[in-house]
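The values are calculated or read from the model by the stated rules, or taken from the named source; none is laboratory data. As the structure is a computational prediction, the values presented were derived from the model and not from experiment. Positions of Cβ are backbone-derived with ideal geometry, glycine not excepted, and every protein chain shown enters the neighbour counts. The accessibility values were calculated without ligands, DNA or RNA, using every heavy atom of the protein model including side chains. Shrake-Rupley method; radii C 1.70, N 1.55, O 1.52, S 1.80 Å.
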Amino acid sequence: MTKINQITAIRITLESLWLLAVVGIPLIAMPYTSIMAESSISHVEVPKVVLLRLLVTLMVVITLWEIVLTKDLRIFRLNLTTKPFYSFLKQNHYSWTLMAIAAVGVSTLLGTLFSTRFQISLWGAIPKQDGHALINTFSYLVLFYIIASHIKTRHQVNRLAISIIASGVSLGILGIVQNLGHNPFHLSGYTNMERIPLTMGNPIFAASFLCLTIATSLVTCSLVIYKKKFLDIYKIHHLIIWSLIISIQITGLIHTLSRGAWVSVAVLICIFFIGIWVCVGWRIALKIGTVFAIATIISFSAIAATEKESSRTSSQIADRVASIQSEVLTGDLNQRIPIWLSSWRIVVSRPWFEDQYAPNKWLTIITGYGPDMFRFVFPLNSPLNRFESHLPIEAHNAHNFFLHQLVEQGVLGLLSSLFLFISIVTSSISLLIRKASMLSIEYRMVVIGIIAIVISRAVEQSVGVGRISDMTLFWIILAAMIALPNILNRESVIVATKRNKHDEMGTQSIPANSLSPRWVLPISIISIIVCYISFTEHVQYLRATLSASEAKHYYATGELNSAYITIERAINLSPNIPTYYLFKNMMISDAIRNDIALDTFQCPVTNTQINHRQCLLKSKYQSAKTAVKHQPLYWRSVFEQAVSADHLIKYDEALKLYEQTSALIPNSWP
């Protein structure tokens with residue numbers, strides 16, 4: 001009985017953690033001025049990344065204990081013979097999707113192993129911040145695996161759907177509040193928000209997340225419609241509630257002014273409506289269309305009613321919609337087309353920095369430059385920024401998921417990503433065609449919803465940017481999708497398939513033999529070490545960002561010495577953030593220019609035997625040199641070292657560093 005209680009507690013804890021990920025990661029953010037790191041939206045990125053990695057760490061440790069307690073090591077067994085493999089492909093509805101997910105992991109791993117900069121691809125351009133590095137991708141994959149292997153009942157799916165919808169509604173309400181000119185929790189650095197960022201720091205990221213929550217709400221609503229018979233006058237309150245739930249999220253999405261997300265939702269509605277009409281019936285499709293139409297009417301009515309108080313007018317939204325056609329036909333899609341063209345030229349020519357050893361061209365074609373390397377290689381062929389003269393566009397993303405994969409992970413990354421999307425759609429369509437008579441109406445609706453979600457996601461990501469909130473939710477939805485057939489199979493929704501005895505044993509019975517004492521000590525030690533390292537590193541990084549923000553505050557109030565001491569503390573806590581060194585050097589430059597007595601450990605003002613100005617110049621040079629050591633491909637750090645060398649009359653070194661800067665951004669200063 002004790003062991004059964006332990007296993008139950010473990011599984012309840014795991015579910016609580018992944019529900020916390022669903023709600024917590026998109027909602028968590030800090031005030032704009034509370035955190036300073038490399039990204040301009042670090043106040044939202046850093047808390048999300050830290051929370052994701054800590055939750056994944058806890059889930060891995062708990063899963064490890066579950067495996068030890070149940071002695072269920074079947075998940076580590078591989079049978080690569082032809083017959084079991086063919087049986088797996090035939091019996092599992094989404095077997096090809098599982099293979100595609102494995103291919104995504106393999107392509108990311110190979111891209112990292114053969115990366116032009118291994119450390120960047122492993123930990124990220126800036127560790128512990130958002131990006132496409134191996135550690136971030138594997139965090140998503142581990143989260144996917146744990147959820148997919150532990151969702152066993154319909155109630156768990158219901159709780160997951162409720163959590164997703166709750167996070168979408170919460171963000172929709174926040175979007176309405178931000179649109180009215182309020183800045184709750186000081187999440188934004190400006191009060192006049194033309195496009196609301198929600199808790200994502202960027203309206204594009206916010207729109208990507210809301211697309212997925214709207215899709216989940218629509219599919220869940222359709223299932224409730226089928227069960228509750230909404231046209232019954234006594235059930236009319238359900239119709240009103242679901243219309244409000246969807247309208248709140250649509251209103252938030254509209255206020256992001258993200259045209260790609262708007263088109264994505266339109267595609268979602270069309271595919272889902274047509275699919276329900278064809279595979280379920282026109283009556284259900286008509287009811288779903290009615291709910292969405294009412295929700296849309298409520299959204300536009302609310303926008304019109306709050307037009308005087310809001311930060312934008314209805315005409316601005318209409319102009320944004322009307323501009324879609326002109327941007328596609330004659331515009332540059334807000335600089336996306338130049339970014340796509342430059343990215344494609346990089347894919348074709350595979351350039352590299354002139355002053356560094358060139359990698360094998362064919363290897364970069366196959367495995368790419370490496371995860372998270374886009375921001376460094378893109379300036380090699382970047383067009384000039386129309387908003388900033390003489391400097392190229394500094395894009396960190398191709399604004400097209402598949403093109404981004406082609407640059408960073410080569411042909412393998414592109415094929416694995418295409419395989420993932422195509423396998424889900426084709427497997428779902430095949431299931432509807434071949435086994436339609438064997439599927440319940442509910443499951444048919446879910447499968448149609450899966451098709452609509454994946455296609456609309458592909459459309460949105462063709463012009464958007466995948467970031468931590470929507471990427472986490474996307475992989476969680478995939479996990480639920482993989483688990484659904486087994487859940488419905490146990491509940492006899494798919495009547496042609498019998499309950500699998502192995503699954504029944506795995507979910508209902510616990511091995512009788514007790515946990516061997518020899519496993520307790522090593523598992524405990526491993527758990528403690530993993531948790532300690534993960535928590536310590538992330539807490540230390542958070543402390544560094546808080547210290548840097550404090551230094552920024554001191555600098556703004558003119559307290560230069562306090563600012564310098566605080567930024568030094570931030571650098572000691574997290575020495576691999578180039579922005580901290582640039583900020584430190586800006587303080588030194590101000591002290592030299594304004595003849596301020598900056599008291600530092602290297603250059604104490606009490607030491608009258610040294611030339612204080614010359615000492616500060618040397619300190620500035622060493623700081624810039626350290627920044628280049630941590631990030632040699634970041635042109636601003638190299639340029640700062642060149643300027644510092646120039647001030648120390650090291651002209652030969654300065655000239656060489658200026659040339660290095662020019663090589664990092666060859667299209668600048670025409």
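Considering only residues that are of a type in the set (S, T, N, Q) and out of contact with any helix residue (DSSP H, G or I) (no Cβ under 8 Å at 6 or more places or on another chain), which ones fall in the stretch 292-306?
Result: Ser301, single match.
Within the stretch 452-464, can you find the residues that are at pLDDT 85 or above and crowded, with 23+ Cβ neighbours inside 10 Å?
Hits for the stretch 452-464 are Ala452, Ile453, Val454, Ser456, Arg457, Glu460, Gln461.
Does the stretch 81-95 include one or more residues that are open to solvent by less than 20 Å² (accessible area, probe 1.4 Å) and either modelled with pLDDT under 95 or aromatic (Phe, Trp, Tyr) (or both)?
Looking through the stretch 81-95, at least one residue is open to solvent by less than 20 Å² (accessible area, probe 1.4 Å) and either modelled with pLDDT under 95 or aromatic (Phe, Trp, Tyr) (or both).
Restricting to the stretch 332-361, and then to whatever is modelled with pLDDT under 90 and among the aromatic types (Phe, Trp, Tyr), can you tell me which residue is surrounded by the most Cβ atoms within 10 Å (Cβ to Cβ)?
Only one residue fits best here, namely Phe353.
So is Ser382 polar (S, T, N, Q) and modelled with pLDDT under 80 or not?
no
In the set Arg499, Arg543, Arg518, which member is modelled with pLDDT under 75, part of a helix (DSSP H, G or I) and open to solvent by 30 Å² or more (accessible area, probe 1.4 Å)?
Within the list Arg499, Arg543, Arg518, the selection yields Arg518.
I'd like to check something: does the stretch 111-123 contain any residue that is part of a loop (DSSP other than H, G, I, E, B), more than 22 Å from the chain's Cα centre (by Cα) and modelled with pLDDT of 90 or more?
yes
Checking the conditions here, which among Ile284, Ile250 is part of a helix (DSSP H, G or I) and at pLDDT below 90?
Within the list Ile284, Ile250, the selection yields Ile284.
Residue by residue through the stretch 162-212, note down the ones that are part of a loop (DSSP other than H, G, I, E, B) and among the hydroxyl-bearing types (Ser, Thr, Tyr).
Ser188, Tyr190, Thr191, Thr199
Return yes or no: is Ser547 in contact (Cβ under 8 Å) with a residue 12 or more places away in the chain and under 16 Å from His43 (Cβ atoms)?
Yes; evaluated as a whole, the condition is true for this residue.
Restricting to the stretch 616-631, name every residue that is hydrophobic (A, V, I, L, M, F, W, C) and either in contact (Cβ under 8 Å) with a residue 24 or more places away in the chain or in contact with a His (Cβ under 7 Å, 6 or more places away or on another chain) (or both).
Within the stretch 616-631, Leu616, Leu617, Ala624, Ala627 qualify.
Does the stretch 138-160 include one or more residues that are within 30 Å of Phe300 (Cα to Cα), open to solvent by less than 20 Å² (accessible area, probe 1.4 Å) and touching a residue at least 24 places away in the same chain (Cβ under 8 Å)?
So far as the stretch 138-160 goes, yes, one or more of its residues are within 30 Å of Phe300 (Cα to Cα), open to solvent by less than 20 Å² (accessible area, probe 1.4 Å) and touching a residue at least 24 places away in the same chain (Cβ under 8 Å).
Quick one: is Gly289 in contact with a helix residue (DSSP H, G or I) (Cβ under 7 Å, 6 or more places away or on another chain), small (Gly, Ala, Ser) and either under 19 Å from Ile448 (Cα atoms) or buried (at least 19 other Cβ atoms within 10 Å of the Cβ) (or both)?
When the stated conditions are applied, Gly289 passes them.
Among the residues of the stretch 551-563, count how many are surrounded by fewer than 21 Cβ atoms within 10 Å (Cβ to Cβ) and either touching a residue at least 24 places away in the same chain (Cβ under 8 Å) or under 19 Å from Gln129 (Cβ atoms) (or both).
5
In the set Thr600, Thr606, which member is at pLDDT below 90, open to solvent by 40 Å² or more (accessible area, probe 1.4 Å), in contact with an Asp or Glu (Cβ under 9 Å, 6 or more places away or on another chain) and more than 21 Å from Ile120 (Cβ to Cβ)?
After applying the criteria, what remains is Thr606.
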